[in-house]
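The values are calculated or read from the model by the stated rules, or taken from the named source; none is laboratory data. Model, not experiment: these values are computed from the prediction. Note that we place each Cβ from the backbone using ideal geometry, even for glycine, and neighbour counts take in every protein chain shown.
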Ligand SMILES: Nc1nc2c(c(=O)[nH]1)N[C@H]1C(S)=C(S)[C@@H](COP(=O)(O)O)O[C@H]1N2
Ligand SMILES: [Mo]
């Protein structure tokens, strides 16, 4: 293979410097753009996500879980550094041809800049990728190139060490660049009403000894599911959303228009259809926003199928019956702060009682359709646009100081509500009522449950919920794919 490359005029040293240029180019881009969509890897990652076949996505979610993100990020990183490295290869050849390293650096830098700028549409930030590529190309064709096409060992070592150091520094700089509000909450907008609601949730939380989250999940606790690795980084000022498609007339609303509408604060629980039966992708927040219904009335929907497609800035899309939006909510606040980037800043949709996937983040468009079409997850085999399944989680078992065992968790049934949670400590032969937290206001909120018993050897503990319509949670067990996990959570406990 080295022979084949040599015939094309590419030496091992060229490969080394192209690799270093590719690596530092990606690092430089990260330093200036941070963990945002302006980083060269981000749009490539989005493309990889879009092009990965559904069977592979489903397989990865079930067998690899959250770490699955690593797979596409590594691939996207390799593609980005490979492309930038290729521009360095051209530069190295040009440098040698003209006998001047400056010429080579200029060619590589210009190509790398054009590449990064067209991938990210950020001409200025693209310099972050182009400059390191130019520098390492120059070093690779440094003084003496005409006499000796292979730079000395010493120079190669120095260049490699320099590239590593540069990458390290870039990582540190990039981490602080774009990430500030990604995971944590945005600016404080907490008003008295939200404070009161958060207090109410605090007071209604059961006194549980085990490790069970309270009735409101903090920003750190709240689960996160994104199709891409890089969340859109939008500002409320530039944001607008259009209601379009089969409507009398399109309506576009800006952030200011939206926040001028009647404001409400609601407890809403989200649950991901992809989570395991006793999984933790189930959380609750106090959301601040405005009802969607008045906006829909304004456009006068006239689509044949009575269905709607929601679209987002990360190219996510989901389709479901427009009816579901009638109680829907457009939220711009979470737990008294502006929506964090990770949860859809500036505006997300909340659809009461429906699986998490319908709760579109970074909303950009509501399109009334004439015909049903699959959404992002439906194209990949999931059925997660309808109401959630009822579930009672068994999230903790603790031996108390008095020797009794406490079991506890949350129960959720969407808009049906939770009426009762029953616990069996003998594998399902006999059942007792668990203690339940007082219901929070709202029609789409979980409840905590807790149960204490005297241990006697090993116990097969089973837990099941009865929803607000009196329906018992189905016992039959099924995996999350494709319609959400079902069954009673069961755990062997005893010491
Ligand atoms: N734009 C957009 N919206 C999205 C998603 C996404 O990847 N992109 N993921 C969906 C899924 S599958 C779930 S479960 C919820 C998760 O919301 P959270 O990350 O705020 O917990 O958002 C939904 N909305
Ligand atoms: Mo989800």
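Just give me the residues in region 258-288 being closer than 23 Å to residue 356 by Cα and assigned to a loop (DSSP other than H, G, I, E, B), in sequence order.
Hits for region 258-288 are 263, 272, 273, 274, 275, 276, 277, 278, 279, 280, 281.
Anything in region 237-257 that is within 24 Å of the chain's Cα centre (by Cα), modelled with pLDDT of 95 or more and either closer than 25 Å to residue 395 by Cα or not in a strand (DSSP E or B) (or both)? List them, or say none.
Passing the criteria: 239, 255.
Quick one: is residue 403 out of contact with any strand residue (DSSP E or B) (no Cβ under 6 Å at 6 or more places or on another chain) and without any contact (Cβ under 8 Å) to a residue 40 or more places away in the chain?
Numbers: out of contact with any strand residue (DSSP E or B) (no Cβ under 6 Å at 6 or more places or on another chain): yes; without any contact (Cβ under 8 Å) to a residue 40 or more places away in the chain: no.
Answer is no for this residue.
Just need a number here: residues in region 475-494 that are in contact (Cβ under 8 Å) with a residue 24 or more places away in the chain and either buried (at least 19 other Cβ atoms within 10 Å of the Cβ) or touching a strand residue (DSSP E or B) at 6+ places or on another chain (Cβ under 8 Å) (or both). Full working, then the answer.
Residues of region 475-494 that are in contact (Cβ under 8 Å) with a residue 24 or more places away in the chain, as a first pass: 477, 479-494.
Narrowing the set further to residues that are either buried (at least 19 other Cβ atoms within 10 Å of the Cβ) or touching a strand residue (DSSP E or B) at 6+ places or on another chain (Cβ under 8 Å) (or both) leaves 477, 480, 484-494.
Total meeting the criteria: 13.
Just wondering, is there one or more residues in region 423-435 that are assigned by TED's automatic domain parsing to the domain that holds residue 473 and under 16 Å from residue 210 (Cα atoms)?
yes
Among the listed residues 132, 151, which satisfies the condition of being modelled with pLDDT of 90 or more and crowded, with 16+ Cβ neighbours inside 10 Å? Even if it seems obvious, please write down each step before you answer.
Details: 151 fails: modelled with pLDDT of 90 or more.
Going through 132, 151 in turn, just one is modelled with pLDDT of 90 or more and crowded, with 16+ Cβ neighbours inside 10 Å: 132.
Would you say residue 269 is over 30 Å from residue 33 (Cα atoms) and without any contact (Cβ under 8 Å) to a residue 60 or more places away in the chain?
no
May I ask you to verify whether residue 226 is in a loop (DSSP other than H, G, I, E, B), farther than 21 Å from residue 441 by Cβ and within 16 Å of ligand 1 (Cβ to nearest atom)? Reasoning before the result, please.
On the way: in a loop (DSSP other than H, G, I, E, B): yes; farther than 21 Å from residue 441 by Cβ: yes; within 16 Å of ligand 1 (Cβ to nearest atom): yes.
It is true that residue 226 is in a loop (DSSP other than H, G, I, E, B), farther than 21 Å from residue 441 by Cβ and within 16 Å of ligand 1 (Cβ to nearest atom).
Select from region 320-347 the residues that are within 16 Å of ligand 2 (Cβ to nearest atom) and surrounded by fewer than 22 Cβ atoms within 10 Å (Cβ to Cβ) and list them in ascending order.
324, 342, listed by residue number.
Here's a check for you: in region 334-353, which residue that is within 24 Å of residue 247 (Cα to Cα) and touching a residue at least 24 places away in the same chain (Cβ under 8 Å) is farthest from the chain's Cα centre (by Cα)?
Going residue by residue through region 334-353, those that are within 24 Å of residue 247 (Cα to Cα) are 347-352.
Okay, now just the ones that are also touching a residue at least 24 places away in the same chain (Cβ under 8 Å), so 347, 349-352.
Numbers: 347: 15, 349: 15, 350: 16, 351: 18, 352: 20 Å.
Here the answer is 352.
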